[in-house]
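First the structure, in the form of structure tokens, and then the observations on it.
The values are calculated or read from the model by the stated rules, or taken from the named source; none is laboratory data. All values reported here derive from a predicted model rather than from experimental measurement. Methodologically, a virtual Cβ is constructed for each residue, glycine included, from the backbone with ideal geometry; neighbour enumeration extends over all protein chains shown.
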């Protein structure tokens, strides 16, 4: 996948969810399916869900902003919550309320992305011209905020 920067899309937030709720839902889903995910996988799953949702709907899935860390985009508070697991699978279940209208999207996205190795997800998130690359490599802002506008630009290119 080649990332290019073209037109500016207005940032719109489509749901009332925060990244933590989506993270808890993803962790619970994979745990219930006996294929728990690591914190690294979780971070990339959140990132790609955000991009895919924005490309399909023109709206962000959640308002939280990613930071550009060495292994890709990270939502800091989600990372901290699950950091006690280190690189091991997160074996927890949460009672997270998710609206039926977004559940099919989340289920399909989480399951599809969880099939990829954490390092494959890192590699994809590090693509030249990706939002992570722009902030981490081009602007040299390590742990810098990846603006949601950049996510929306990325999403507009994916949808074309």
Seminar exercise, completed: In region 119-135, anything under 13 Å from residue 72 (Cβ atoms) and loosely packed, with under 14 Cβ neighbours inside 10 Å is listed as 119, 120, 123
For this session: Check whether at least one residue in region 136-144 is surrounded by fewer than 14 Cβ atoms within 10 Å (Cβ to Cβ) and either closer than 17 Å to residue 50 by Cβ or in contact with a helix residue (DSSP H, G or I) (Cβ under 8 Å, 6 or more places away or on another chain) (or both), and report yes or no.
Result: yes
For this session: Would you point out the residue of region 17-56, among those that are part of a loop (DSSP other than H, G, I, E, B) and out of contact with any helix residue (DSSP H, G or I) (no Cβ under 7 Å at 6 or more places or on another chain), that is surrounded by the most Cβ atoms within 10 Å (Cβ to Cβ)?
Result: 17
For this session: Kindly check whether there is at least one residue in region 57-77 that is in a helix (DSSP H, G or I) and crowded, with 21+ Cβ neighbours inside 10 Å.
Result: no
Problem set entry | Top-ranked residue of region 138-160 - restricted to ones that are more than 18 Å from residue 65 (Cα to Cα) and part of a helix (DSSP H, G or I), ranked as modelled with the lowest pLDDT | 159
Seminar exercise, completed: Given the conditions (1) surrounded by fewer than 20 Cβ atoms within 10 Å (Cβ to Cβ); (2) within 15 Å of residue 151 (Cβ to Cβ); (3) modelled with pLDDT of 95 or more, every one holds for residue 112 apart from (2)
